[in-house]
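What follows is one structure encoded as structure tokens, with my remarks underneath.
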Amino acid sequence: MKHHSSLETTLCTDALTWQKKARAFAVRARHHLWGKNNEDPLVFLYRQGISLDFAGRMSLGWNKFGQNRSYHTWGLAGQGSFFLPPGIVFPYFIVESIAGIYIVPMTDAGEYPESVATVPGSQKPPLILGPPDKKITYAAGMMEGLRIFQDKPDKGCVHIQLPPRNGAPAREQGKKQAP
């Protein structure tokens, strides 16, 4: 699957280290999803309309417990650490390279795009699934975008837009809000 966009590197001081850490996290999360005691995330995916076959093809995973990770050890600028929350892990690949990690909480709020956590160093939205030369369908959230792509992977291109974490609509990014 080919995607066109650029990796967000403003925080990244060592892209190779970030790639290794992101890939290792995605692999571990995938093992958790398909391992023991995984009924909750599989039920969540089913209720969201995501088939197990599609979840496997998209390399979805499950971060069972929240964890802090050092910016420095992930090849990122900054002091201290960032938090990887529990939830469904979506590793976003551009060709063979991991370009981002996004985590959807396993609550009803997971349907709302502002609840998706973006791992620092990840590409900024939109996330593009499918051939960019096909008809474009826009999705306001991660689960909606995955459902659309699952149903028509070869017939179109899905643009998944995630609003900023403050909950403002994505189209309002960079615009000042009226008081």
Dipole of the stretch 33-97 (Lys/Arg Cβ +1, Asp/Glu Cβ -1, origin at the Cα centre): which of G35, F93, T73 lies farthest to the positive side? T73
For a quick protection proxy, order the peptides 32-42, 60-70 by their average other-Cβ count within 10 Å, most packed first. 60-70, 32-42
Name the residue farthest towards the positive end of the dipole of the stretch 20-137 from the options A22, L45, F83, assuming +1 on Cβ of Lys and Arg, -1 on Cβ of Asp and Glu, about the Cα centre. A22
Here the stretch 98-106 yields Karplus 3J(HN,Hα) values (6.51, -1.76, 1.60; θ = phi - 60°; whole Hz; Gly and Pro given as x) of 6, 10, x, 10, 10, 10, 9, x, 8
Charge tally in the Cβ shell below 13 Å around F90, where Lys, Arg are +1 and Asp, Glu are -1, F90 excluded: +2
Compute the distance in nm between two label points, each set 7 Å from the Cα along the Cα-to-Cβ direction, one at T107 and one at H72. 3.3
So who's got an amide H within less than 5 Å of the one on T137, skipping anything under 5 residues away but keeping other chains? H placed 1.01 Å off N, in plane. C157, V158, H159
Could you list which residues have their amide H under 5 Å from that of M106, counting only those 5 or more apart in sequence or on another chain, with H placed in the peptide plane? I88
The stretch 7-117 - accessible surface per residue (Å², probe 1.4 Å): 52
Explain nothing, just compute: Karplus ³J(HN,Hα) = 6.51 cos²θ - 1.76 cosθ + 1.60, θ = phi - 60°, for every residue of the stretch 34-46 in order, whole Hz, x for Gly and Pro. 9, x, 7, 6, 10, 4, 4, x, 5, 5, 4, 4, 4
Could you give each residue of the stretch 130-136 its phi-based ³J(HN,Hα) in whole Hz, using Karplus coefficients 6.51, -1.76, 1.60 with θ = phi - 60°, and x for Gly or Pro? x, x, x, 8, 9, 4, 9
If amide H atoms are built 1.01 Å from N in the plane of the peptide, which residues on other chains or at least 5 residues away come under 5 Å of the amide H of Q67? L84
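The values are calculated or read from the model by the stated rules, or taken from the named source; none is laboratory data. The structure displayed is predicted, hence computed values, not measured ones. Don't worry about glycine lacking a Cβ; one is built from the backbone with ideal geometry, like all the others, and counts go over all protein chains shown. Accessible surface is based on the protein model in full, side chains and every heavy atom, while ligands, DNA and RNA are left aside. Shrake-Rupley method; radii C 1.70, N 1.55, O 1.52, S 1.80 Å.
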